[in-house]
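Notes follow once the structure below has been shown.
Each value in this text was obtained by applying a stated rule to the coordinates, not by laboratory testing. Note that the structure is a prediction, hence the values are computed from the model and not measured. Virtual Cβ from ideal backbone geometry, glycine too; neighbours counted across all protein chains shown.
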Amino acid sequence: MNVHTNIPLKNYLSMKMGGTTRFMADVTTVDELSQVITNAKTKGIPFFILGSGSNVIARDDEYTGLIIRVRIPGFEIISEDYTTVTIKLGAGEIWDEVVAQTVDKGLIGIEAMSDIPSYCGAAPVQNIGAYGQEIADTLVSLEAYDTTANQVVTLTNEECKFTYRDSIFRTEAQGRYIITSITLQLYKAAPEPPFYKGVQDYFDEHNITIYTAKAIREAVIAIRHEKLPNPVEKPNSGSFFKNAIIEQWQLDELLQDYPDAPHYEMGDGRHKVPSGWLIEQCGFKGQLLHGMRVNPANALVLINESATGYLDLSLARTEITQAVQDRFRINIEQEPLEIA
Ligand code: NAP
């Protein structure tokens with residue numbers, strides 16, 4: 001295992017922004033991971049786990065710690081019966097390649113989460129989700145290196161405390177566990193409607209009436225290519241804001257002023273309001289704010305068009321969140337994690 005020094009982070013983050021990191025290491029086995037963590041802890045060096053860099057941003061000053069990229073491989077079917085298949089995936093497997101393989105096998109469970117730039121190990125951290133599926137629906141358990149106990153532990157789905165685009169890995173246990181593998185249970189079945197509107201619209205437009213995992217994957221890939229800017233050409237971190245989750249009284253207030261406001265029940269008495277809609281209503285869609293372009297096709301995405309650095313991004317973020325707060329009295333939160 002090589003540890004590299006003074007690496008420019010912007011080369012590893014899809015927002016193409018950020019200073020250098022003092023150290024960076026790729027690990028391909030649990031033993032290497034354990035070794036590098038023990039070393040860092042002995043020397044008092046902080047560490048940060050980096051996946052594909054598509055949902056992480058960095059500041060301009062040097063990160064004085066160690067960036068660890070977990071590239072542990074593995075794709076193993078561990079059990080199968082008439083209706084289900086359980087697979088164990090190394091944290092370093094590329095998420096979309098796994099989705100493609102499971103779809104090829106005719107399995108359902110993760111097909112709507114096609115084309116998400118992620119490694120398998122990063123997927124549970126923010127409970128990735130798209131078009132009505134989230135990883136919490138299929139994840140049975142995961143293995144993680146517990147940096148407090150210095151050993152590999154197994155966490156069940158319940159122990160991960162998944163909520164909307166969140167988990168213990170971003171909240172109470174942030175920095176404690178490093179995911180080394182995930183185990184998913186998928187189904188031998190055909191997907192059933194109702195589908196998200198975007199997917200159903202795609203099926204209607206293309207006269208698709210036989211619903212398969214492959215059809216959903218193809219629809220999602222086509223929609224995402226249309227609505228989400230390619231980060232290679234237009235640097236971005238995907239959805240920059242989480243959708244707003246609001247209480248019933250807040251929704252009642254919102255609907256008094258904006259009867260057409262889109263909203264979806266969360267099933268716990270709260271409601272989801274698309275942040276893209278809130279931002280659009282504030283007039284930001286397509287605007288250039290401090291070098292950050294609010295994506296014309298989906299206001300949830302901020303594109304680094306000409307920002308001089310993190311300060312510009314933070315000014316754009318404040319302008320947007322403040323305007324949404326002033327107009328709707330709703331707080332919208334940043335989705336990408338920050339290296340710190
Ligand atoms: P959209 O179709 O324009 O819809 C706007 C928002 O409304 C979505 O974020 C979605 O919430 C919500 N929504 C739409 N139909 C819904 C339904 N039937 N039930 C409940 N909620 C509904 O959204 P978009 O921005 O183009 O994104 C499309 C999908 O890709 C979304 O599911 C989005 O989450 C996903 N996506 C995920 C990531 C990520 O994981 N970071 C990045 C980009 C896009 P949800 O977001 O909760 O689904």
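Remarks
- Computed about the Cα centre, the dipole magnitude for region 236-339 is approximately 240 debye when only Lys and Arg (+1) and Asp and Glu (-1) carry charge, each at its Cβ.
- Set of aspartates and glutamates near K188 by C-alpha distance (under 20 Å), chain-local residues within fewer than 8 positions excluded: E76, E80, D81, D96, E97, D104, E111, E134, D137, E218
- The relative contact order of region 236-339 comes to 32 percent, based on Cα pairs under 8 Å that sit 6 or more residues apart.
- Electrostatic dipole magnitude of the chain [Cβ: Lys, Arg +1; Asp, Glu -1; Cα centre; debye, to 20]: 860
- When the P(r) is computed for region 3-70, the part past 20 Å accounts for 24% of the Cα-Cα pairs.
- Taking the DSSP bridge list for region 5-138 and keeping only pairs wholly inside it, about 55 percent are antiparallel.
- The mean sequence separation of alpha-carbon pairs under 8 Å and at least six residues apart, normalised by the residue count of region 46-145, gives a relative contact order of 21 percent.
- Residue of L313, L254, L66 that the Gaussian network model of the chain assigns the largest fluctuation, springs spanning Cα pairs under 10 Å: L254
- Building the convex hull from the alpha-carbon atoms of region 1-153 and averaging its projection over directions returns 9.8 nm².
- A quarter of the convex hull surface defined by the alpha-carbon atoms of the chain gives 17.8 nm² as the mean projection.
- GNM remark for the chain: springs join alpha carbons under 10 Å apart, and the peak mean-square fluctuation among V232, V70, V56 falls on V232.
- Between M266, M292, M24, the residue with the greatest mean-square fluctuation in the GNM of the chain (Cα pairs under 10 Å linked by springs) is M266.
- Across all directions, the shadow cast by the convex hull of region 75-188 built on its C-alpha atoms averages 6.6 square nanometres.
- Between the residues F162, T83, Q200, the greatest Cα displacement towards the positive end of the dipole of the chain, with unit charges on the Cβ of Lys, Arg, Asp and Glu, is found for F162.
- Of K88/K272; K227/K272; K161/K234, those spanning more than 29 Å from alpha-carbon to alpha-carbon: K88/K272; K161/K234
- Charge dipole of region 3-70 (Cα centre as origin; +1 on each Lys and Arg Cβ, -1 on each Asp and Glu Cβ, all else neutral): 120 debye, rounded to the nearest 20.
- Couplings 3J(HN,Hα) of region 151-165, computed from phi: 7, 7, 10, 10, 10, 7, 3, 4, 5, 6, 6, 5, 9, 4, 6 Hz, in residue order, whole Hz [Karplus 6.51 cos²θ - 1.76 cosθ + 1.60, θ = phi - 60°; x for Gly and Pro].
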